Amino acid sequence: MDYQKIIEKIYDEVKPLIEKGIVADYIPALAKTPANKFAMTVSTVNGEEFCVGDVDDNFSIQSISKVFTLTIAMNMIGDDLWKRVGREPSGNSFNSLVQLEYENGIPRNPFINAGAIVVSDAIFEGRGKTKNKILQFVREISGNNTLSFDEEVAESERIFGNKNRAMANFIKSFNNLNNLADDVLDIYFHQCSICMNTKDLAHSFLFLANKGINPKTGDIILGTRKTKRMNSLMLTCGLYDAVGDFAYRVGLPGKSGVGGGIVAVVPGELSVAVWSPGLNKYGNSLAGTKALELFTTYANNSIF
C-alpha cells in the first residue's frame, strides 16, 4: 500500500476545509493556534512512517490524553475502575453536567470530561508524582523524551475551567472522588496540556494497533484483553457525541481532542494521526475527520 501517495492525495482534497472549522476559544491559550495548519502521519507496526503537512508542529493534545491516563489506570486498578465510571456512549456534550446528576455521580464513560477526572483521581499519588508519571509514560510510548506540558495552556484551563471545576465538585458530592477536587483538576489540566506533533501521536498509539505491545521496544503496554477493551471504548466513546457518525464515515477506533488532533488505529497494521485546529460543531477537527474518512476509503482498511 502506497500510504505516502494516499495521504498526499488526501491533503490536496481537504485543503478547502482546513480554515472552515472554528478553533477552540473557550480555553484562551488554544485560541492563539493558527487555523491554517494541517498534518497527517501514518505509522505502521512494521516501523514505516509516512507524513504530510505541518508534522513537526506541536499542539495541545487535550482529550487524547485520556487514552494515556486510562491505560495507566487499567494497569494500576484493573476492572475495579468500572465501579466508578461507565463504558457507554454519552449521547451528550463532553462537558455535560446533566448526565452526572441523573446517574448519581458515575460518569458515563472515561473519555468525557467527568470520566477522565475520575480516572485522574483513580491514579492519584500526589500532584507532582502523578503528573510526572503521566508525562514519563507518554514520553516512553512515543519515543520522545523531550515532550512536556504547556504550562500556559494548563494555567488557561485552570483559570477558565469553571465547568470542569463544577463537575469535579459534583462528583465529589457523590463520594466518587477520593482526593481534593483542586488537586485532581491540576493533574487533569496538565495532562490535557501535553504538547505533541502527529508523529509523536502516531507512535504513541502503535501499541493499540499491536495487541498492546510497543512494536519499537517490545514492551507490553497493555495486555491483549485490555487492548481489545481500549479499542472498543475508543470506537464507541472516543469522538464525544459524534462517535456514531465517525464510525459510519471512518470505521476505526479513535480519540479526538479540542486542540484539533485525532488519532485512529487499524488493529494489526497501523496508527494514523491528523491535526487541523478548526473544529466542527461536535468539537472534533473538521478537516481531520474528513482526512480520516478519505484514508479508510482509499486504503480500504476500515475495520468493518
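Things to note:
- Selection count where residues are in contact (Cβ under 8 Å) with a residue 40 or more places away in the chain and crowded, with 24+ Cβ neighbours inside 10 Å, scope region 244-257: 7
- Selection status of I106, farther than 15 Å from Q191 by Cα, surrounded by 17 or more Cβ atoms within 10 Å (Cβ to Cβ) and in contact with a Leu (Cβ under 7 Å, 6 or more places away or on another chain): no
- Residues being in a helix (DSSP H, G or I) and over 13 Å from C195 (Cβ atoms) - total across region 39-69: 5
- A search for C-beta distances below 7 Å between a residue of region 129-155 that is in the same structural domain as P215 (by TED's automatic domain parsing) and any residue that is surrounded by 18 or more Cβ atoms within 10 Å (Cβ to Cβ) and among the polar types (S, T, N, Q), counting only pairs 6+ apart in sequence or on different chains, returns nothing.
- Qualifying position, being out of contact with any helix residue (DSSP H, G or I) (no Cβ under 9 Å at 6 or more places or on another chain) and crowded, with 19+ Cβ neighbours inside 10 Å, among K66, K37, K83: K37
The values are calculated or read from the model by the stated rules, or taken from the named source; none is laboratory data. Not measured: the values here are computed from a predicted model. Glycine also receives a Cβ, built like all others from the backbone with ideal geometry; neighbour counts cover every protein chain displayed.
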